[in-house]
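The values are calculated or read from the model by the stated rules, or taken from the named source; none is laboratory data. Worth saying up front: this structure is predicted, and the values here are computed from it rather than measured. Here the Cβ positions follow ideal geometry from the backbone for every residue, glycine too, while neighbour counts run over all protein chains shown. Remember, those area values only see protein heavy atoms, side chains included, never the ligands or the DNA or RNA. Shrake-Rupley method; radii C 1.70, N 1.55, O 1.52, S 1.80 Å.
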Amino acid sequence: MSKVLVIGCGGVASVAIQKCCQVSEVFTDLCIASRTKSKCDRLAAELAGKTATRITAAQVDANDVQQVVDLIRSYGPDLVMNIALPYQDLTIMEACLTCGVHYLDTANYEPEDTNDPAWRAVYEARCKEAGFSAYFDYSWQWAYKKRFAEAGLTALLGCGFDPGVTQAYCAYAKKHEFDTIDTIDILDCNGGDHGYPFATNFNPEVNLREVSAPGSYWEDGHWIEVEPMSIHREYDFDQVGRKDMYLLHHEEIESLAKNLPEVRRIRFFMTFGQSYLTHMKCLENVGMLSTEPVEFEGHKIVPIQFLKALLPDPASLGPRTKGKTNIGCIFTGKKDGKDKTYYIYNVCDHQACYREVGSQAISYTTGVPAMCAALLLLQGTWRRPGVYTVEELDPDPFLEALDRYGLPKSESRAPALVD
């Protein structure tokens with residue numbers, strides 16, 4: 001029997017909450033909290049009578065440590081699931097430490113005020129030291145490891161699909177399939193079609209900043225940075241077909257490079273259609289992807305935040321989206337002295353997800369792993385004092401839970417690389 005506080009009520013949070021309610025013998029009580037309480041009330045009302053889990057709703061500004069502390073103290077949860085924005089990771093982690101509560105999130109820290117001079121100085125120093133200029137940076141959260149360990153608390157970072165499941169795939173490959181791993185290519189293929197000329201499948205601000213930033217990958221013990229979208233591959237994916245992929249920097253590479261130091265090269269590729277790339281380039285050229293505030297009719301606005309308000313809400317894409325995702329990892333290495341290639345992946349159907357939980361597969365593939373990680377933490381399987389990313393933990397119970405709750409793994413030959 002466990003009480004869980006979920007901060008966030010967007011598409012991913014909605015999936016995670018509904019999946020928690022399917023395991024009501026563990027998730028006996030849930031409190032849904034966000035800045036807009038009416039959204040939480042609506043979701044709680046929709047679930048009323050459909051689950052044995054007792055659900056309440058609350059309002060909280062997750063940027064305010066004291067508000068989060070007050071909510072945790074009033075509700076008394078065993079775990080806080082942070083399924084809000086990565087900007088709020090540190091605020092919620094601080095509140096969990098203050099209150100003595102375990103913590104879990106789905107994406108790693110990204111500062112919101114990138115124009116603050118103090119933050120900018122630290123960020124630029126870290127970029128110079130690391131050798132790449134990604135917005136996302138685990139080091140801010142890793143700095144909490146000693147404090148969580150001394151408090152006897154667990155913090156699980158990046159428990160979505162990528163990051164999250166892809167790291168579990170890496171741990172699984174190391175544990176069961178290889179003596180040594182030489183290369184890892186993470187392939188995130190979304191074969192879905194929502195019918196809009198341009199929209200993003202998750203938070204537009206995070207998504208557009210991610211794909212417009214320089215690409216980078218880990219090779220031979222250091223980072224290699226390249227121009228955005230400058231490395232292209234085309235793969236023929238199981239149940240999806242041929243898709244164009246582009247190399248991006250992605251956060252799980254940072255932790256995999258740290259925790260699997262023997263791996264020579266780690267890269268991340270994501271699919272993008274030509275229409276998406278054309279729209280994004282036009283928006284970038286006119287400054288709409290900028291994070292720098294501009295003056296407009298006496299008001300300061302951040303262009304990318306204004307653009308976010310104009311684009312379709314990712315949570316609204318569910319009923320429109322058709323097709324499937326195929327997300328997995330290709331490994332090369334050695335087993336019993338012989339060269340080996342191994343591919344592990346998941347295929348997820350957008351329309352099947354919508355029928356089950358009212359969301360498209362991008363939200364589903366993030367929300368289900370969050371619930372499964374929370375389940376393992378609450379049951380004690382993944383409860384270790386300190387701060388951890390998924391590849392540091394035993395992958396077997398996590399992948400078994402994913403099999404059971406909607407994201408089964410597949411293993412086969414790697415998808416064909418099209419010339």
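Six or more apart or on different chains, Cβ atoms under 6 Å: show the pairs whose first residue is in segment 92-107 and of a type in the set (S, T, N, Q) and whose second is surrounded by fewer than 23 Cβ atoms within 10 Å (Cβ to Cβ) and not in a loop (DSSP other than H, G, I, E, B).
Pairs that qualify, where the first residue is of a type in the set (S, T, N, Q) and the partner is surrounded by fewer than 23 Cβ atoms within 10 Å (Cβ to Cβ) and not in a loop (DSSP other than H, G, I, E, B), are 98/69.
Table: residues versus (1) part of a helix (DSSP H, G or I); (2) surrounded by 17 or more Cβ atoms within 10 Å (Cβ to Cβ); (3) touching a strand residue (DSSP E or B) at 6+ places or on another chain (Cβ under 6 Å).
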residue	(1), (2), (3)
369	yes, yes, yes
374	yes, yes, yes
382	no, yes, no
391	yes, yes, no
396	yes, no, no
399	yes, yes, no
403	yes, no, no
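Against the definition (out of contact with any strand residue (DSSP E or B) (no Cβ under 6 Å at 6 or more places or on another chain), among the small types (Gly, Ala, Ser), in a helix (DSSP H, G or I) and at negative phi), how does residue 171 come out, yes or no? Before the answer, list the steps.
Details: out of contact with any strand residue (DSSP E or B) (no Cβ under 6 Å at 6 or more places or on another chain): yes; among the small types (Gly, Ala, Ser): yes; in a helix (DSSP H, G or I): yes; at negative phi: yes.
Taking the combined requirement at face value, the residue satisfies it.
Looking only at strands (runs of 3 or more DSSP E) that lie completely in segment 1-98, which have at least 1 residues being buried (at least 23 other Cβ atoms within 10 Å of the Cβ) and out of contact with any Leu (no Cβ under 8 Å at 6 or more places or on another chain)? Don't jump to the end; show me each part of the working.
Values: elements: 2-7, 27-34, 54-59, 79-82.
In segment 1-98, 2-7, 27-34 are the strands (runs of 3 or more DSSP E) which contain 1 or more residues that are buried (at least 23 other Cβ atoms within 10 Å of the Cβ) and out of contact with any Leu (no Cβ under 8 Å at 6 or more places or on another chain).
Give me the residue from segment 256-296 that is among the charged types (D, E, K, R) and modelled with pLDDT under 85 and, out of that set, farthest from residue 225 (Cα to Cα). Working first, answer last.
Quick first cut of segment 256-296, residues among the charged types (D, E, K, R) only: 258, 262, 264-265, 267, 281, 284, 292, 295.
Imposing the further condition that a residue be modelled with pLDDT under 85 reduces the set to 281, 284, 292.
On the way: 281: 20, 284: 20, 292: 23 Å.
Taking the candidates together, the pick is 292.
For residues that are within 21 Å of the chain's Cα centre (by Cα) and among the basic types (Lys, Arg), tally how many sit in segment 135-154.
Our first condition is that a residue be within 21 Å of the chain's Cα centre (by Cα); within segment 135-154, this holds for 135-145, 154.
Subsequent filtering for residues that are among the basic types (Lys, Arg) retains 145.
Residues in segment 135-154 being within 21 Å of the chain's Cα centre (by Cα) and among the basic types (Lys, Arg): 1 in total.
Considering each residue of segment 320-342, count those that are closer than 28 Å to residue 245 by Cα and either over 22 Å from the mean Cα position of the chain (by Cα) or part of a loop (DSSP other than H, G, I, E, B) (or both), and give that number.
10
Of 341, 321, which residue is open to solvent by less than 10 Å² (accessible area, probe 1.4 Å) and under 28 Å from residue 233 (Cα atoms)? If you could, list the steps in order and put the result at the bottom.
Details: 341 fails: open to solvent by less than 10 Å² (accessible area, probe 1.4 Å).
Only one candidate qualifies: 321.
May I ask you to list pairs of residues, at least six apart or on different chains, whose Cβ atoms are under 6 Å apart, with the first in segment 188-202 being closer than 13 Å to residue 311 by Cα and of a type in the set (Val, Ile, Thr) and the second being modelled with pLDDT of 75 or more and surrounded by fewer than 20 Cβ atoms within 10 Å (Cβ to Cβ)?
If the second residue must be modelled with pLDDT of 75 or more and surrounded by fewer than 20 Cβ atoms within 10 Å (Cβ to Cβ), no pairs are left.
Suppose we filter 199, 173 for residues that are over 29 Å from residue 14 (Cα atoms), open to solvent by less than 20 Å² (accessible area, probe 1.4 Å) and not charged (D, E, K, R); which single one remains? Steps first, answer last, please.
Working: 199 fails: over 29 Å from residue 14 (Cα atoms).
The unique qualifying residue is 173.
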